[in-house]
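For reference, the structure is listed below as structure tokens.
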Amino acid sequence: MSFQSMYRERKREAADAVRLVQDGDTIVVPIAAGEPPALLHALSQQRREFRDVTVFQMLPLHQPDYFDPATTEHVRHSSPFLGAPNRRGVHEGWIDVVPAHFSEVPRLIRRGLVPSDVVFAHASPMNEDGMLAVGLSPDYTMAAIEKARTVLLEVNPRVPFAHGPCRVHISKVTAVVENDEPLIEIPPTAIGEAERAIAGYVGELVPDGATLQIGIGAIPDAVVQQLATKRDLGIHTEMFGDGILSLLEAGVATNRRKNRHPGVTIATFALGSHRLYDYLDDNPTVQMHPVDVTNDPVLAGQNDRLHSINGSLQVDLIGQCGSESLAHRPYSGTGGQFDFVRAANRSEDGRSFIVLPSTAKGGTISRIAPTLAPGTHVTTSKNDVDHVVTEYGVARLRGRTARQRAEALIAIAHPDFRAELTEAAEQLRLV
Ligand code: COA
């Protein structure tokens, strides 16, 4: 049978495809732009017909109707990384959190610790060899597809046919659903004074020839703007966004000096503008890999001069970074922060930067705190943290004593809080 006939044979309406889900199944859905809206809409519509179905997904960007506290005995959501759509449900107790490093999620799926019975994923149209690409987010999707009984792909001509190990053969697919609605896009973030100052410090410390991992948000976006005068940067990252695209288009990032995958940009999910998604289409200079490759600290750390840049919510005086919760209440997730902190620590001449404004809530709260608020989830431990950066400077912590760390962190706290932090540090016998 030709690949075209196999494709035609698998074509369904979304409502019919979703009937392949069985009671008790776990459905794995890719991160961010990899989520397939038509399939999630159909699941939402039919949710009351199922029992005990779990949907596992990091960072959902849409708000499907199955996010509904009244129907969780039918379909319930669980997630290792929260965004605006699923945060409230976690705080109210009807959405579940799965603590995990991003790099570990494929392993959890392969070992059955996170079940994968069904996959719903966005895919590109099929090529003449019968391959479809899940190039917006191969991260844990490829492992989930390996394990799943039922693979449902939502084929959209706007999904890039990306390069790298992010392709699935039609014979592995149970059903395809076609949809050509525009992909979700993320507008550029507003960059303020503090973000610009933080980015300036980080930019000064990134050398020519560095390989970069750049996280999500305003500060990482501001850092990219500070790198315009660098030469021969390399990209080995988890998220491929418009900031990185601008470095590639300007010829600032060439990937020439990377030890692993020289000449090629490596990422595990793409999130940004339609220009970014178009850039990925049949472009052999970018490879989309599963996250257990991009975020493996040993593999990523084989690149010399690996520099990772990630945000945090609070840092205590010994350097523990609470980047994902406000006290006990989850805010986001561990994501790849710790993966890349460890990778940068292994890398020859590598550095990791934890970046955060010195205050929150209009200057009323210091984000540099004597101790983390009770219940805070520690994302980067004191033993792994390297540089912490606020708009008041850089605290280099790795290898330093507790006393030196407290002094360095107080020096980059907001001036209004330095006296009380010093007093607290004295009481804690840190200084
Ligand atoms: N006490 C009380 N509130 C605080 C606070 C603190 N110490 N720190 C931050 N907040 C509040 C902010 O005021 C803001 O509230 P608002 O939305 O009402 O204004 C909210 O918490 C979020 O803070 P903000 O600094 O705006 O977060 P962000 O959207 O820039 O995201 C992280 C930053 C830390 C959440 C994000 O970088 C993250 O999830 N990091 C961990 C995972 C990671 O690094 N992954 C790798 C890259 S994908």
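The values are calculated or read from the model by the stated rules, or taken from the named source; none is laboratory data. All figures in this text were calculated on a predicted structure; none of them were measured in a lab. A quick note on method: Cβ atoms are made from the backbone with ideal geometry, for glycine too, and the neighbour counts reach across all protein chains shown. Surface accessibility is based on the protein's heavy atoms, side chains included, excluding ligands, DNA and RNA. Shrake-Rupley method; radii C 1.70, N 1.55, O 1.52, S 1.80 Å.
In this structure, is His274 in contact with a Lys or Arg (Cβ under 8 Å, 6 or more places away or on another chain) and either modelled with pLDDT under 95 or open to solvent by 40 Å² or more (accessible area, probe 1.4 Å) (or both)? Yes: the conditions hold for His274. What's the number of the only condition in (1) open to solvent by 30 Å² or more (accessible area, probe 1.4 Å); (2) closer than 27 Å to Asp282 by Cα; (3) within 14 Å of the ligand (Cβ to nearest atom) that His169 fails to meet? The number of the failed condition is (3).
Comparison of Pro60, Pro85 shows that the only residue that is without any contact (Cβ under 8 Å) to a residue 60 or more places away in the chain, within 22 Å of Arg329 (Cα to Cα) and either in a helix (DSSP H, G or I) or basic (Lys, Arg) (or both) is Pro85.
It is to be established whether one or more residues within the range 368-381 are open to solvent by 20 Å² or more (accessible area, probe 1.4 Å), near the ligand (Cβ under 8 Å from one of its atoms), more than 22 Å from Asn295 (Cβ to Cβ) and not in a strand (DSSP E or B). Taking every residue of the range 368-381 in turn, at least one turns out to be open to solvent by 20 Å² or more (accessible area, probe 1.4 Å), near the ligand (Cβ under 8 Å from one of its atoms), more than 22 Å from Asn295 (Cβ to Cβ) and not in a strand (DSSP E or B).
Of the residues Val298, Val286, the single one that is within 28 Å of Pro60 (Cα to Cα) and more than 8 Å from the ligand (Cβ to nearest atom) is Val286. When Pro165 is tested against the conditions (1) outside any loop (DSSP other than H, G, I, E, B); (2) closer than 13 Å to Pro290 by Cα, the lone failure is (1). Would you confirm, using the coordinates I've provided, whether Gln45 is part of a loop (DSSP other than H, G, I, E, B) and either touching a strand residue (DSSP E or B) at 6+ places or on another chain (Cβ under 8 Å) or open to solvent by 10 Å² or more (accessible area, probe 1.4 Å) (or both)? No: the conditions fail for Gln45. Exactly one residue out of Ser381, Ser332 is within 28 Å of Asn259 (Cα to Cα) and not acidic (Asp, Glu): that is Ser381.
Among residues belonging to the range 306-327 that are more than 9 Å from the ligand (Cβ to nearest atom) and open to solvent by 40 Å² or more (accessible area, probe 1.4 Å), point out the one that is farthest from Arg396 (Cα to Cα). Among residues in the range 306-327 that are more than 9 Å from the ligand (Cβ to nearest atom) and open to solvent by 40 Å² or more (accessible area, probe 1.4 Å), the one farthest from Arg396 (Cα to Cα) is Gln320. Kindly establish whether Phe338 is within 12 Å of the ligand (Cβ to nearest atom), closer than 30 Å to Phe56 by Cα and either part of a strand (DSSP E or B) or not acidic (Asp, Glu) (or both). When the stated conditions are applied, Phe338 passes them. Is it true that Leu152 is surrounded by fewer than 23 Cβ atoms within 10 Å (Cβ to Cβ) and farther than 30 Å from Gly362 by Cβ? No.
Residues considered: Ser116, Ser78. Of these, the only one that is assigned to a loop (DSSP other than H, G, I, E, B), on the phi < 0 side of the Ramachandran plot and either in the same structural domain as Pro138 (by TED's automatic domain parsing) or crowded, with 17+ Cβ neighbours inside 10 Å (or both) is Ser116.
The number of residues in the range 192-229 being away from the ligand (no atom under 16 Å from the Cβ) and not polar (S, T, N, Q) comes to 12.
Among the conditions (1) open to solvent by 30 Å² or more (accessible area, probe 1.4 Å); (2) modelled with pLDDT of 95 or more, the only one that Ala121 does not satisfy is (1). Kindly evaluate Arg403 against the criterion of being in the same structural domain as Thr294 (by TED's automatic domain parsing), in a helix (DSSP H, G or I), within 16 Å of the ligand (Cβ to nearest atom) and open to solvent by 30 Å² or more (accessible area, probe 1.4 Å). No: the conditions fail for Arg403. From the list Asp292, Asp316, Asp304, Asp339, the one residue that fits, being within 24 Å of Arg403 (Cα to Cα) and either modelled with pLDDT of 95 or more or assigned by TED's automatic domain parsing to the domain that holds Pro60 (or both), is Asp316.
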